[in-house]
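S.K.: Dropping the structure in here first, questions after.
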(Lines give C-alpha, C1' and ligand atoms only; values in the text may rest on other atoms or scores of the structure.)
Protein backbone atom coordinates (compact mmCIF):
# COMPACT_ATOMS: atom_id res chain seq x y z
CA UNK A 1 0.00 0.00 0.00
CA UNK A 2 1.59 3.31 -1.07
CA UNK A 3 2.08 6.06 1.48
CA UNK A 4 0.73 8.65 -0.94
CA UNK A 5 -1.75 8.01 -3.64
CA UNK A 6 -0.64 9.26 -7.04
CA UNK A 7 -2.77 9.69 -10.11
CA UNK A 8 -2.19 7.39 -13.04
CA UNK A 9 -0.38 9.01 -15.94
CA UNK A 10 -1.57 8.88 -19.52
CA UNK A 11 0.79 7.43 -22.16
CA UNK A 12 1.35 11.00 -23.43
CA UNK A 13 2.35 12.18 -19.93
CA UNK A 14 4.66 9.19 -19.51
CA UNK A 15 6.31 9.97 -22.87
CA UNK A 16 6.68 13.68 -22.01
CA UNK A 17 8.23 12.78 -18.66
CA UNK A 18 10.67 10.35 -20.34
CA UNK A 19 11.69 13.02 -22.88
CA UNK A 20 12.25 15.58 -20.11
CA UNK A 21 14.39 13.12 -18.16
CA UNK A 22 16.42 12.26 -21.28
CA UNK A 23 17.03 15.95 -22.01
CA UNK A 24 18.19 16.51 -18.45
CA UNK A 25 20.57 13.52 -18.64
CA UNK A 26 21.98 14.66 -22.01
CA UNK A 27 22.48 18.23 -20.76
CA UNK A 28 24.23 16.86 -17.68
CA UNK A 29 26.51 14.66 -19.79
CA UNK A 30 27.44 17.57 -22.07
CA UNK A 31 28.26 19.74 -19.05
CA UNK A 32 30.49 16.92 -17.72
CA UNK A 33 32.32 16.89 -21.07
CA UNK A 34 32.68 20.68 -20.95
CA UNK A 35 34.11 20.57 -17.42
CA UNK A 36 36.51 17.74 -18.38
CA UNK A 37 37.69 19.68 -21.46
CA UNK A 38 38.28 22.82 -19.37
CA UNK A 39 40.13 20.83 -16.71
CA UNK A 40 42.47 19.27 -19.28
CA UNK A 41 42.97 22.63 -21.03
CA UNK A 42 43.93 24.18 -17.67
CA UNK A 43 46.16 21.22 -16.84
CA UNK A 44 48.23 21.88 -19.96
CA UNK A 45 48.07 25.67 -20.35
CA UNK A 46 47.53 26.99 -16.81
CA UNK A 47 49.36 24.45 -14.68
CA UNK A 48 50.92 26.31 -11.73
CA UNK A 49 53.57 23.60 -11.31
CA UNK A 50 55.02 23.47 -14.84
CA UNK A 51 55.07 25.30 -18.15
CA UNK A 52 53.22 24.30 -21.32
CA UNK A 53 56.60 23.44 -22.82
CA UNK A 54 57.25 21.01 -19.96
CA UNK A 55 53.78 19.53 -20.42
CA UNK A 56 54.46 19.00 -24.14
CA UNK A 57 57.74 17.29 -23.30
CA UNK A 58 56.00 15.08 -20.74
CA UNK A 59 53.38 14.07 -23.34
CA UNK A 60 56.23 13.07 -25.63
CA UNK A 61 55.23 11.35 -28.87
CA UNK A 62 51.58 11.28 -27.77
CA UNK A 63 51.36 15.09 -27.72
CA UNK A 64 50.16 15.41 -31.31
CA UNK A 65 47.43 12.81 -30.69
CA UNK A 66 46.37 14.67 -27.53
CA UNK A 67 46.06 17.97 -29.43
CA UNK A 68 44.20 16.26 -32.27
CA UNK A 69 41.71 14.67 -29.89
CA UNK A 70 41.38 17.90 -27.91
CA UNK A 71 40.57 19.82 -31.10
CA UNK A 72 37.95 17.22 -32.04
CA UNK A 73 36.42 17.41 -28.56
CA UNK A 74 36.33 21.21 -28.71
CA UNK A 75 34.69 21.14 -32.16
CA UNK A 76 32.10 18.62 -30.97
CA UNK A 77 31.24 20.63 -27.86
CA UNK A 78 30.97 23.87 -29.84
CA UNK A 79 28.73 22.13 -32.38
CA UNK A 80 26.32 21.31 -29.55
CA UNK A 81 26.45 24.77 -27.96
CA UNK A 82 28.49 27.59 -29.48
CA UNK A 83 28.75 29.27 -26.07
CA UNK A 84 29.54 26.24 -23.88
CA UNK A 85 33.23 27.13 -23.53
CA UNK A 86 32.59 30.80 -22.76
CA UNK A 87 34.12 31.97 -19.50
CA UNK A 88 34.08 35.52 -18.14
CA UNK A 89 37.83 35.58 -17.47
CA UNK A 90 39.49 32.64 -19.25
CA UNK A 91 39.78 31.72 -22.94
CA UNK A 92 39.10 28.03 -23.57
CA UNK A 93 38.90 28.39 -27.36
CA UNK A 94 42.39 29.59 -28.27
CA UNK A 95 45.74 28.28 -27.06
CA UNK A 96 47.75 31.09 -25.42
CA UNK A 97 50.90 30.08 -27.32
CA UNK A 98 51.48 28.74 -30.83
CA UNK A 99 51.74 24.96 -31.08
CA UNK A 100 53.20 23.10 -34.05
CA UNK A 101 54.02 19.47 -34.72
CA UNK A 102 57.69 18.54 -34.62
CA UNK A 103 58.84 17.41 -38.07
CA UNK A 104 61.95 15.26 -38.53
CA UNK A 105 63.00 14.09 -41.99
CA UNK A 106 59.72 15.36 -43.39
CA UNK A 107 57.52 13.35 -41.03
CA UNK A 108 55.75 14.31 -37.79
CA UNK A 109 57.28 12.72 -34.70
CA UNK A 110 54.13 12.99 -32.59
CA UNK A 111 55.80 15.59 -30.43
CA UNK A 112 54.64 19.20 -30.35
CA UNK A 113 56.66 22.41 -30.20
CA UNK A 114 55.07 25.02 -27.93
CA UNK A 115 55.91 28.69 -28.23
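S.K.: Residues 53, 13: which one is touching a residue at least 24 places away in the same chain (Cβ under 8 Å), part of a helix (DSSP H, G or I) and either at positive phi or more than 18 Å from the chain's Cα centre (by Cα) (or both)?
M.R.: After ruling out the rest, the residue left standing is 53.
S.K.: Still on this structure: Residue under question is residue 79, and the condition is that it be assigned to a helix (DSSP H, G or I) and surrounded by fewer than 10 Cβ atoms within 10 Å (Cβ to Cβ); does it hold? Give the steps one after another, and end with the answer.
M.R.: Details: assigned to a helix (DSSP H, G or I): yes; surrounded by fewer than 10 Cβ atoms within 10 Å (Cβ to Cβ): yes.
So residue 79 passes the test.
S.K.: Suppose we filter 32, 21 for residues that are part of a helix (DSSP H, G or I) and under 30 Å from residue 110 (Cα atoms); which single one remains? Don't jump to the end; show me each part of the working.
M.R.: Details: 21 fails: under 30 Å from residue 110 (Cα atoms).
Only one candidate qualifies: 32.
S.K.: Identify, by number, the condition in (1) surrounded by 11 or more Cβ atoms within 10 Å (Cβ to Cβ); (2) at pLDDT 95 or above; (3) in a loop (DSSP other than H, G, I, E, B) that residue 95 doesn't meet.
M.R.: The single condition residue 95 does not satisfy is (2).
S.K.: Scan (1) part of a helix (DSSP H, G or I); (2) over 19 Å from residue 91 (Cβ atoms); (3) out of contact with any helix residue (DSSP H, G or I) (no Cβ under 7 Å at 6 or more places or on another chain) for the single condition residue 43 breaks and write down its number.
M.R.: Residue 43 satisfies all of (1) part of a helix (DSSP H, G or I); (2) over 19 Å from residue 91 (Cβ atoms); (3) out of contact with any helix residue (DSSP H, G or I) (no Cβ under 7 Å at 6 or more places or on another chain) except (2).
S.K.: Out of segment 98-112, which residues are surrounded by fewer than 14 Cβ atoms within 10 Å (Cβ to Cβ) and either at pLDDT 90 or above or farther than 16 Å from residue 44 by Cβ (or both)?
M.R.: Of everything in segment 98-112, those that are surrounded by fewer than 14 Cβ atoms within 10 Å (Cβ to Cβ) and either at pLDDT 90 or above or farther than 16 Å from residue 44 by Cβ (or both) turn out to be 103, 104, 105, 106, 107, 108.
The values are calculated or read from the model by the stated rules, or taken from the named source; none is laboratory data. The shown structure was predicted, so the numbers you read here are calculated from the model rather than taken from an experiment. With ideal geometry, Cβ positions are generated from the backbone for all residues, glycine too; neighbour counts draw on all protein chains shown.
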